Amino acid sequence: MSIRIHCYRAALIALAITAGVAGTVRAQAAGGMADPLTDARFYTGSAGTQGVFPGKLVCLRCDLHPSDAAKAQCGKAGHQYALEIDGDPTIHPLLPGDAAALKQLNAARHGAQVSVTGMLFPNLGTILVSSMASK
């Protein structure tokens, strides 16, 4: 019988901890105290979502922060591509998974409507590109 009491006690402690963490996260979202477990989302979230992601191709340098210096940097080092997905407030940086994906990214024009096939890492917002097609 004492084993059963210990199990109930452990379950109640786990429930209390979960409720406390959830309350802290809600408080942080409401502008309250910072959550000490913020970085835990990078280690406990899903590994990624494989799929096809339609959107608009943009450059993080020249399109989002247009200037002569940004254009010069892109001309020298290449573009830093990202994907704007309709209805999603996050701009997803694109990382080419191989040389073929890099070639497809470099061949596309800024502002083009594309479909990116790859792995979306939701905790980082980044998409690892395996291929891309223009619409």
Among strands (runs of 3 or more DSSP E) entirely within the range 40-135, at least 1 residues that are at pLDDT 90 or above, surrounded by 12 or more Cβ atoms within 10 Å (Cβ to Cβ) and among the β-branched types (Val, Ile, Thr) occur in 49-59, 91-96, 113-121, 126-134
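Per-residue answers, yes or no, for (1) in contact with a helix residue (DSSP H, G or I) (Cβ under 9 Å, 6 or more places away or on another chain); (2) among the charged types (D, E, K, R):
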position: Glu84; (1), (2): no, yes
position: Gly118; (1), (2): yes, no
position: Leu124; (1), (2): yes, no
position: Ile127; (1), (2): no, no
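The values are calculated or read from the model by the stated rules, or taken from the named source; none is laboratory data. None of the values given here were measured: they were computed from a predicted structure. Quick reminder, even Gly has a Cβ in these numbers, built from the backbone with ideal geometry, and neighbours come from all protein chains shown.
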